[in-house]
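What follows is a single structure, written as structure tokens, with notes after it.
The values are calculated or read from the model by the stated rules, or taken from the named source; none is laboratory data. The model shown is predicted, which means the values in this text are computed figures rather than measured ones. With ideal geometry, Cβ positions are generated from the backbone for all residues, glycine too; neighbour counts draw on all protein chains shown. What goes into the accessible areas is simple: the full protein's heavy atoms, side chains included, and nothing from ligands, DNA or RNA. Shrake-Rupley method; radii C 1.70, N 1.55, O 1.52, S 1.80 Å.
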Amino acid sequence: MANFRTLAELAARHEQQTDPLARPQRRVAALVEHQRSADFIRHMIGNRAVADLNRLTLGGALHADGPRRWCERHGYRCISSWGDVGVIAQRGTELPVAASLGDSLVWGGERITLENPAQPA
């Protein structure tokens, strides 16, 4: 049994096992079980990302409602959410915060700001 450093590696291993060309003798039930396991692990990764109260990085395995829940936790409404692709959040009359894949929404105690990996703060 291989050792995995991250849940993402374990999910990738399960996804590899779903390739019917790699193991043609596997029954369909076994392939489906591996896909369900990979999906479940990715679901856990997404939940862990949303659980961080101070930062939400868009990417990985976020659920469509994850960014919405994270924004609402801080008093913002999520105008638009594409899960792991992009988010637009706004509070009251403040200008909206628009984030895309790879960006991080950061809670500074007063408001949500955007941190872009290409443009460090």
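Observations
- Some residue of region 68-85 being touching a residue at least 24 places away in the same chain (Cβ under 8 Å) and of a type in the set (D, E): yes
- Checking the stated criteria, G46 turns out not to satisfy the condition of being outside any helix (DSSP H, G or I), within 27 Å of R13 (Cα to Cα), at pLDDT below 85 and open to solvent by less than 40 Å² (accessible area, probe 1.4 Å).
- Boolean, L62 is under 25 Å from E110 (Cβ atoms), of a type outside the set (G, A, S) and part of a strand (DSSP E or B): no
- T93 falls short of the stated requirement of being at pLDDT 80 or above and surrounded by 15 or more Cβ atoms within 10 Å (Cβ to Cβ).
- H14 vs. criteria at pLDDT below 85, open to solvent by 50 Å² or more (accessible area, probe 1.4 Å), out of contact with any Cys (no Cβ under 7 Å at 6 or more places or on another chain) and within 30 Å of N3 (Cβ to Cβ): no
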